[in-house]
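The values are calculated or read from the model by the stated rules, or taken from the named source; none is laboratory data. Fair warning: this is a prediction, and the values are worked out from it, not measured in the lab. Virtual Cβ from ideal backbone geometry, glycine too; neighbours counted across all protein chains shown.
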């Protein structure tokens with residue numbers, strides 16, 4: 001069952017939405033998902049990783065860093081959407097944040113591995 005709704009939008013937004021007319025339900029779903037996340041601490045996984053990296057951790061602790069299943073799942077979903085060219089700007093920014101975080105963790109792990117090697 002589908003439900004029809006009428007939404008009034010400014011003319012500029014209507015013009016921008018016109019090419020996406022067939023995908024409006026999908027875009028509304030994505031927007032609703034993003035709005036739902038706004039109420040949650042959507043950056044808690046990122047903050048936890050940064051907390052470890054900035055706490056002068058032992059090399060072993062850095063090497064043990066892993067993304068939470070939630071963070072990994074979200075990043076994988078965004079990567080899949082990106083490959084299909086289906087990301088909206090907000091999702092592109094979110095994916096870029098995850099990729100930057102992954103890069104920082106990889107650098108930290110490489111440094112930690114070097115420290116362990118030098119200490120042995």
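Overview of values
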| item | result |
| --- | --- |
| In segment 60-106, residue farthest from the chain's Cα centre (by Cα) [restricted to those that are farther than 27 Å from residue 29 by Cα and exposed (fewer than 12 other Cβ atoms within 10 Å of the Cβ)] | 60 |
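Quick grid of which residues meet (1) touching a helix residue (DSSP H, G or I) at 6+ places or on another chain (Cβ under 7 Å); (2) modelled with pLDDT under 90; (3) over 30 Å from residue 118 (Cβ atoms):
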| site | (1), (2), (3) |
| --- | --- |
| 3 | no, yes, yes |
| 10 | no, yes, yes |
| 21 | no, yes, yes |
| 39 | no, yes, yes |
| 50 | no, yes, no |
| 58 | no, no, no |
| 61 | yes, no, no |
| 70 | yes, yes, yes |
| 105 | yes, no, no |
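Yes/no per residue for (1) in contact (Cβ under 8 Å) with a residue 12 or more places away in the chain; (2) closer than 25 Å to residue 5 by Cβ:
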{"residue": "23", "(1), (2)": "no, yes"}
{"residue": "29", "(1), (2)": "no, yes"}
{"residue": "88", "(1), (2)": "yes, yes"}
{"residue": "91", "(1), (2)": "yes, yes"}
{"residue": "101", "(1), (2)": "yes, no"}
{"residue": "108", "(1), (2)": "yes, no"}
